[in-house]
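Just so you know, all these numbers are worked out from the coordinates, no wet-lab data involved. Note that the structure is a prediction, hence the values are computed from the model and not measured. Every residue, glycine among them, receives a Cβ derived from its backbone with ideal geometry; neighbour counts consider all protein chains shown.
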There are 2 protein chains.
Amino acid sequence: MTVSSPRRSATRQRLYQAAVTLFAEQGVSATSVEQIAERAGVAKGTVYYNFSSKTELFEALLRDGIEPLTAALRRSVGAAPGGALAALERMADAGLAFVAEHPDLVRLLMAEQWRSSRPWHPTLVAVRRQVAGVVREVLEDGVKSGELRADLDVELTSGALVGMVVLGALDWRTFHPERRPAEVRRAMSVVLRGQLEAAAGRNEEGRDEEGRR
Amino acid sequence: MTVSSPRRSATRQRLYQAAVTLFAEQGVSATSVEQIAERAGVAKGTVYYNFSSKTELFEALLRDGIEPLTAALRRSVGAAPGGALAALERMADAGLAFVAEHPDLVRLLMAEQWRSSRPWHPTLVAVRRQVAGVVREVLEDGVKSGELRADLDVELTSGALVGMVVLGALDWRTFHPERRPAEVRRAMSVVLRGQLEAAAGRNEEGRDEEGRR
DNA sequence: GTCTATATTCAGATAGAC
DNA sequence: GTCTATCTGAATATAGAC
């Protein structure tokens with residue numbers, strides 16, 4: 001198995017880029033190979049020289065695109081100070097950044113996630129489990145250390161938190177793109193840290209949070 | 001314009017049911033009219049007698065399916081006691097119930113939501129805005145009444161909270177269907193009420209919540 | 001490696017019998 | 001109102017020239 005030639009891998013990258021945009025916007029089935037080729041500036045035959053089928057192109061695209069996501073997640077959890085809530089904030093941050101950088105890929109993941117009985121479904125489920133799994137571990141550690149409440153339902157809560165970050169981020173990119181990343185991060189932080197309520201009985205540490213980082 | 005005959009509207013209902021399942025599982029484009037007809041137990045021609053095209057069938061299905069959702073939302077906000085957090089909890093509850101009852105429709109909304117440049121996209125965006133809008137109003141009222149923090153970003157926070165509920169609920173139905181609704185509700189309530197942290201400095205009111213309702 | 005031309009399959013939509 | 005039969009366009013995938 002020889003390493004792909006520079007020329008070929010450049011073509012593949014162009015095809016990835018063209019395909020992910022079209023797939024996200026129209027769906028996989030509604031996108032023709034012709035369209036992908038056109039957008040990438042090559043002929044249809046070239047697509048089939050590089051990938052055996054449209055499905056294979058899509059799966060390769062997923063594998064390639066997901067790698068940076070899992071890498072970013074691992075980074076945000078591992079080497080860092082603070083407790084569980086701080087780790088959750090960093091993960092939310094990493095999620096936000098990923099969505100900002102690869103909005104089409106995330107839209108695609110969101111859309112295809114729920115369709116069982118499609119060839120690529122297992123791959124998507126694996127990604128989902130991996131992402132939610134990292135969050136679950138953080139929650140578990142937080143419970144063990146006593147930082148988080150002992151009766152926390154880590155399974156269901158992790159799913160909900162992932163949903164908050166991912167959909168919150170997509171909502172941002174799609175409907176409020178003029179807002180700055182820091183604003184989005186802060187909104188999520190407020191929910192994560194349980195600071196929705198006005199700080200009536202507590203001290204004023206909530207105001208410190210505004211200047212955080 | 002005469003009212004549809006009972007026979008015809010029965011057929012339409014069967015077509016809706018067949019279509020929503022197939023659309024959710026395979027996507028709209030990947031589902032053929034033939035498949036829909038087969039599953040509904042009618043011939044393909046009958047589909048075209050009732051709907052002028054596959055797209056029109058899909059849009060009618062959306063309009064019909066969404067009505068109960070917006071109705072449930074209005075109900076859960078309007079006539080009820082308690083402040084903003086209580087209202088948010090009731091809305092989360094309503095969302096959970098809706099997802100439990102119409103999982104296919106919700107999966108479909110989630111999947112098609114992000115594809116601009118499709119005929120039905122405006123309809124889906126309208127639904128999204130409506131749902132998020134109700135949450136935003138509740139947050140705004142909470143801020144005005146002083147229950148919620150004055151500097152709350154109602155726009156971004158409402159998007160995040162909707163995401164938490166919807167994806168949390170879908171996650172539940174898809175990956176943890178054995179869990180009971182009350183467990184899911186409680187997990188979301190914990191996040192909403194900012195009770196992730198162990199109740200160290202506070203009193204034990206957190207334990208009261210377990211027996212809530 | 002990439003192109004053009006083409007075979008083949010298949011889905012959307014219609015016409016007309018019942 | 002619903003069926004069967006059929007038309008038509010389009011999309012996947014291949015073959016072979018360059």
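Within the straight-line cut-off of under 20 Å between alpha carbons, the lysines reachable from B:Lys54 are B:Lys44, sequence neighbours fewer than 8 places apart in one chain being disregarded.
Label-point spacing for B:Trp120 across the identical copies (point 7 Å from Cα in the Cβ direction), in nm and ascending order: 2.1. By the combined test of axial Cα extent (at least 24 Å) and Kyte-Doolittle hydropathy (mean at least -0.5), the qualifying DSSP H helices of chain B come to B:54-77, B:84-101, B:121-145, B:154-175.
Closest approach of a chain A Cβ to the axis relating A and B (residue, whole Å): A:Gly194, 1. Going by a ≥ b ≥ c, the root eigenvalues of the Cα gyration tensor, does chain B fall in the rounded group (a/c under 1.5), the prolate group (a/b larger than b/c) or the oblate group? Prolate shape, in that a/c is at least 1.5 and a/b is the bigger ratio.
In this rough spin-label picture, where each label sits 7 Å from Cα along the Cβ direction, the A:Arg75-B:Arg8 distance is 6.1 nm. Between the alpha-carbon centers of region B:11-25 and region A:156-204, tell me the distance in whole angstrom. Spelled out, the Cα-based centre of one part sits 36 Å from the other. For the protein assembly as shown, the Cα-based Rg and Dmax, in that order, read 22.9, 69 Å. The modelled label-to-label distance between B:Ala43 and A:Gln35, using points 7 Å beyond Cα along the C-beta direction, is 3.3 nm. Where only DSSP H runs of four or more residues are counted, chain B gives -23500 deg cm²/dmol as its mean residue ellipticity at 222 nm, each run worth -39500 (n - 2.57). Which listed residue (B:Ser145, B:Leu109, B:Met164) has the Cα farthest towards the positive end of the charge dipole for region B:59-197, taking +1 on Lys and Arg C-beta and -1 on Asp and Glu C-beta about the Cα centre? Of the listed residues, the answer is B:Leu109. Take each residue in B:22-31, count the other chain C-beta atoms within 10 Å of its C-beta, and the mean is 4.
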